[in-house]
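Chemist: To start, I am sharing the structure in question, which I have written as structure tokens.
None of the figures in this text is laboratory data; all of them are computed from the coordinates on show. Owing to the predicted nature of the structure, the values given are computational and were not obtained by experimental measurement. As a convention, Cβ positions derive from the backbone with ideal geometry for all residues, glycine included, and neighbour counts pool all protein chains shown.
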Ligand SMILES: [Mn+2]
């Protein structure tokens, strides 16, 4: 059943796709890894269609030049993402691209503007409430960390294998009506050394932010969304669109929030299913769907 066939959801929830939009002041997304099979372009498109903002930050690893050099992978959905981003720039959204290590080719074009997209090495963002945030991809902090073991797997075949398993697992889960679940995120949090790596990275980025005299920092790179205070500095990581499907947003009053789009899509699907149930049951609307299903099995 296509979503168009469903009744429009109520307008009270700003996150509902049918309600039209999620209107915020600023959006940060990173680590899309367009050009790799790991990129969850459909979920990303769903998010980009729903979100409206004054400023959109692309915080690095947007197009994966490393992977494209090895083998060409560029499906239509990845084109659609690029078109959607350029369209937002054309329609008045300020789009700022801070290249990362996987799209370091773009670092040759710092200070230039392409189709309304500004390419900069880093940026100081002023929140509506006056606080300042330093925006950087974060890969420069690999070097200052002793045990950067986990990141060695990014772009590596073991990591790609995990992502491939993740895709198979989740297409199965989708068929079973289960929400998206990140195998790679689960593994990463299970591996002790990876967890300590994440902590070291976060501390190093926060330390640099403090030395720059800003209130906080927004980065990506480690594919792990987070927002917390580290020694008096607000550390924000917008996550990624390979594993966690997350974005960081600033509301009109300067309040920051991590948006988990996988959760949002699961909630939207559950609402769709609830809306469909009476229609499917037809004349037997009084009989719960579960009961009818069980009866079918015992026959
Ligand atoms: Mn990176």
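Chemist: So which residues in region 79-91 are surrounded by 13 or more Cβ atoms within 10 Å (Cβ to Cβ) and in contact (Cβ under 8 Å) with a residue 24 or more places away in the chain, if there are any at all?
Modeler: Hits for region 79-91 are 80, 81, 82, 84, 85, 86, 88, 89.
Chemist: Here's something else I'd like to know. Looking only at region 227-278, which residues are closer than 21 Å to residue 215 by Cβ and in contact with a helix residue (DSSP H, G or I) (Cβ under 6 Å, 6 or more places away or on another chain)?
Modeler: Scanning region 227-278 gives 230, 233, 235.
Let's see how each residue does on (1) within 28 Å of residue 216 (Cβ to Cβ); (2) more than 16 Å from the ligand (Cβ to nearest atom); (3) without any contact (Cβ under 8 Å) to a residue 12 or more places away in the chain:
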{"position": "56", "(1), (2), (3)": "yes, yes, no"}
{"position": "64", "(1), (2), (3)": "yes, no, no"}
{"position": "77", "(1), (2), (3)": "no, yes, no"}
{"position": "94", "(1), (2), (3)": "yes, yes, no"}
{"position": "100", "(1), (2), (3)": "yes, no, no"}
{"position": "125", "(1), (2), (3)": "yes, yes, no"}
{"position": "129", "(1), (2), (3)": "yes, yes, no"}
{"position": "132", "(1), (2), (3)": "yes, yes, no"}
{"position": "136", "(1), (2), (3)": "yes, no, no"}
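Chemist: When the residues of region 102-117 are filtered to those that are away from the ligand (no atom under 16 Å from the Cβ) and closer than 21 Å to residue 64 by Cβ, which remaining residue is nearest to the chain's Cα centre (by Cα)?
Modeler: Narrowing region 102-117 to residues away from the ligand (no atom under 16 Å from the Cβ): 108-117.
Checking which are closer than 21 Å to residue 64 by Cβ leaves us with 108-110, 112, 114-115, 117.
Values: 108: 26, 109: 25, 110: 24, 112: 25, 114: 23, 115: 23, 117: 19 Å.
Among those residues, the one meeting the criterion is 117.
Chemist: On to the next question. Counting only residues that are surrounded by 24 or more Cβ atoms within 10 Å (Cβ to Cβ) and over 18 Å from residue 93 (Cβ atoms), how many does region 42-62 have?
Modeler: Counting residues in region 42-62 that are surrounded by 24 or more Cβ atoms within 10 Å (Cβ to Cβ) and over 18 Å from residue 93 (Cβ atoms) gives 2.
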